[in-house]
1. Which residue pairs have Cβ atoms under 6 Å apart, sit 6 or more places apart or on different chains, and have a first residue in segment B:223-235 that is modelled with pLDDT under 90 and a second that is not polar (S, T, N, Q)?
2. So how many residues does segment B:24-43 have that are touching a residue at least 60 places away in the same chain (Cβ under 8 Å) and not aliphatic (A, V, I, L, M)?
3. If you take the residues in segment B:245-300 that are aliphatic (A, V, I, L, M) and within 14 Å of chain A (Cβ to nearest Cβ), which one is surrounded by the most Cβ atoms within 10 Å (Cβ to Cβ)?
4. Return yes or no: is B:LEU264 among the aliphatic types (A, V, I, L, M) and touching a Phe, Trp or Tyr at 6+ places or on another chain (Cβ under 9 Å)?
5. Under the condition of being at the interface with another protein chain (Cβ under 7 Å from one of its Cβ atoms) and either among the aliphatic types (A, V, I, L, M) or assigned to a helix (DSSP H, G or I) (or both), which residue from segment B:101-119 is surrounded by the most Cβ atoms within 10 Å (Cβ to Cβ)?
6. Would you check which residues across segment B:558-590 are in a strand (DSSP E or B) and of a type outside the set (Phe, Trp, Tyr) and list them?
7. Could you grab the pairs with beta carbons closer than 6 Å, sequence gap of 6+ or different chains, first residue in segment A:47-60 and more than 10 Å from every other protein chain (Cβ to nearest Cβ), second one part of a loop (DSSP other than H, G, I, E, B)?
8. Of all residues being among the aliphatic types (A, V, I, L, M) and more than 21 Å from B:SER260 (Cα to Cα) in segment B:170-187, which is surrounded by the fewest Cβ atoms within 10 Å (Cβ to Cβ)? Just the residue, please.
Amino acid sequence: MIEAAKISKSFEDIKAVDDISVTIREGEVFGLIGTNGAGKSTLMRMLTGVIKPDVGKILIDDIPVYESPEAKKKFFYISDEQFFFVNSTPEEMARYYKNIYEGFQIEKFYSYLERFELKKGRKINTFSKGMKKQLSILLGICADTKYLMCDETFDGLDPVMRQGVKSIFAKEMEERGLTPVIASHNLRELEDICDHIGLLHKGGVLLSKDLEELKCNIFKVQCVFEDSVTEAELMTQLDVLQNERRGSLATLTLRGEQEQILSTLRSGNPIFCEVLPLSLEEIFISETEVVGYDIKKLIF
Amino acid sequence: MISKSLFFKVQKEELKKKVILLFITFICMFLALPIYIAVEMQKYQQWLQTEREKFSKEQISGMLADILGTDNLIILLIIFVLAFVFAFCQLEYLYHREKVDFYHSLPIKRGRLFAIQYMNGVLVFVVPYVMCVILGLCVLTAGGFCNGLVLKASLTGILIHIIGYLLCYTTVSLSICLTGNLFTGVLAAATFHGYGVALSLLIDNLFYESSTTFMSGYGNRLIEKIAYASPLYVYKNLGWGTSQRGATSAGSVAVTVIGSLVYLILLAALAYYAYLKRPSESAGKAVSFARLKPIIKVCVIPVAACIGSLLFKAMVYDTEKFWQVIGFVITLLLCHAMIQSIFEQDVKAVKKGLGSTAVAAVAGILIFAGCDLCGKAYDRAEIDYDHLQYAAIMPSTIDTGNYYYNMEEDTCWSMVDYVFEHMKIQDKDLVKDFTKECIVENQEKHFYGVSINVKYTLENGKEFYRRYHIDYDTLAGYMDRFFEHEEFRKGINYAFGIDPAQVIQMNYQNGYQSYYNERYTMNLSQKDLAALLTAYQEEYLSASVEELNDYAPIAGIYPCSLNKYDNTLEEWGKLYVYPSFTKTIDLLKKGGMDVSADSKGIAELREISVNRVEIIDEDEEGRVVTLEAEVSYQRQNEMTNLLDYIALEPYCYQTGYNNSSEIRNGHTVHVKYINEFGEEMETDALFIKEVPQWVTEDLDKKARTPLSSPESSDEEAVDAMETEQK
């Protein structure tokens, strides 16, 4: 488990991260969402022990991460700007990492390279941006560490490759309990992969919840009632996060258990009542609006 | 904890990425050592065949040993450049965020990572360098020039050059750890290497400006020691201090090496600490530690501003403080703007950091005021004559301008250096009378007169150096008293710094040869050469003041000995032969030299002109007002008569006592003549005895003309014209 407790970091006059506490449990995919400048990369760099928080502590499996090789052995960090040695090839990079990470699986790395159609002997500086990202991810996965920290790693990957990477993640999670931590400014890219989402804004955590928990507690319902008086009475009995109306058709975003919500609505004899699927983005819009933020301005 | 095997594995992997650096070192050192040795060896082998009598194999080995030794400036320069480049190659990743993220997220402690990079930077130099030294030794062995001296020089060279490399490399590493980008990194490294020397020079110059008696470069050990803050200066002196020539004793070598090692350890510890504490987020910024910014400003700006003020003053060539202040302020503001722009990477940031600049300005003023006060106090400081052991007095008028060869250091000394080392006047009364008068009469440095360099040595061994500025008249009153002392004569003549038994050759010049700097080599046995020098020493000591005062030298002789380090022939210095030195002249003649009092090389005189400049007054601003007069003589009888009163160049200027009297004051002579080879020559000359009355009268006539020009009568003007025509 990765635990960051009340960490803050300032760069001269700018507060990049302000009193953040995050817990990343093992075996789940943690998504870190936020706009540019929200503090995602700073948080990631602190989680990986690259920079030291001004205040607070970060523990990886109960070991302080800063200046601790023991803690750092447990993760592989893919920075938003990947670094490869000058004129190096994937093969050379793998050999370097093999010396650093005891469990680095070189054969597996070669097989992944083949699967992603990357040549092991080709100079990395001739790779496209997307290819370099793929290579970073493959190196990270094959390092066989418990945690994989990816900063903006999925941005720029084409959908096919993204699916490929996701399937590898799933496999690794299943086989050896890999815990990927993925920072991104694109909510849609994380929607189908993350178990837990942390939303960062202006250096602070706006929201940190399990995706399942979010999905099980928020519903979108479209309904039509015969009279507005009944509808208004029902609304007082429900936890309405959002209420949009087009003529007599009301589209409600409601918090609560699905069965209970539906039985409440049906007690008002609606002409039409249907539960609609809710995207992660819509869930976030609803949740953050409640706390006074217009999330459309915070995420893409 | 990282395991040892992981440490070495990473080191090996990192080293693989830097193979090019190994190659660069090897190429540089291969050219500078084995190849250069091979070329030199071939040259010397030819010497052995053609000049066998002059050089032996051992002598040539000594010369070749210098290439592998410690005092090889080319190797020093190469090593400095390599250290600079390699430190940046090893640690430049600190300047790039993606690289910092990569390295600092690896499961390796920062201290270990620094050690890996640091050691690799050392290995890429040391391995090829040592290999090239071994190759150089192989070349020497193949040529048959390898001996104990060469091996000793090579081993010392390896040790000292590695320490030197580490000094420079560690300094640059420290600079990189303290900065966030390449530009400021290079600036910081340059500052670290030059700061001590710059500060030392600045204090020396400020002291020189504020004091009228301060002798720059003599006895100012504290100022000299400040320069040791520069690692490159330490390396340079380490090379010299451990070389064959510079190593005065085993103890001094040990002190030099240990001192350098302590300095190196201190630098390495600082670099290590800076690396550990360096925030990773400082990549790309100007300075790694924000707290350093005001400290850097307070250290750099005052020194730069003071240097700027001195440069400004030199540019406008004014002695007033006004321009110095202007220079100080302008440089201070410029430095502030530049440093602030660099720190903030924004030219608009000049408005920031004014507080630290104000502190820097105060520091600069304190440096100025401190040096000024110290300089004045230095001038006022009284010498403890009661405890004076001896003194060396060196008036600038007797400085021949010739160098003395110091065999121990294999360097050339100025006459001041020689006098300070060899003159030991123990007559306290004479020293006290003269120097007290010097202190009273002391003028500004730019005064048109004589500089008197004095070294006082007290009974407790302490040494004090002073330079007074007095007029000719004051000095002239003492010259006879000085020359009465054997210590004075021995102290100003190089002959007494030479052991006659060491002289293996003697070169000779008469006046004509001196003009072209040609020399004849005397054909004398070593015994005769020793006898010649001994005779010269005796005759110089026994010569009357008049003999030295009233006659110009007729020749110059150059005793030569073998350089004890490389066995090349070295001239000790020029000794002037006076007409009264009969024994010396006899031995010169025995050596085949045509010595005569009139060997001036003149076949036919064409013209002698005499110029006189008199100081007649001072204007309101204290500037001297002069009256100039010049007369020319073309009649043979006048010129021949005049020739007896003058000495031609090169014997006319500062050849010794005879030209230091007040007679020459203001008079210069110019002679046009045909030499014994029919060539038309022009040369300067000076009066050595009194100025003939008829010449003074002619000059007076000429001099009065311009003074009375507005109201002068026609008759006087005609007289003046006639004199000029004559």
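The values are calculated or read from the model by the stated rules, or taken from the named source; none is laboratory data. None of these values were measured; they are calculated from a predicted model. Heads up, the Cβs are rebuilt from the backbone with ideal geometry, glycines too, and the neighbour counts pull from every protein chain shown.
1. B:ILE223/B:ILE203; B:ILE223/B:ASP204
2. Final tally of qualifying residues: 4.
3. Only one residue tops the list, namely B:ALA286.
4. When the stated conditions are applied, B:LEU264 does not pass them.
5. Once the filter is applied, the top-ranked residue is B:ASP101.
6. Result: B:PRO559, B:CYS560, B:SER561, B:LEU562, B:LEU569, B:GLU570, B:GLU571, B:LEU575, B:VAL577.
7. Listed pairs, sorted by first residue: A:ILE58/A:VAL65; A:ILE60/A:LYS74.
8. Applying the filter and picking the extreme gives B:LEU182.
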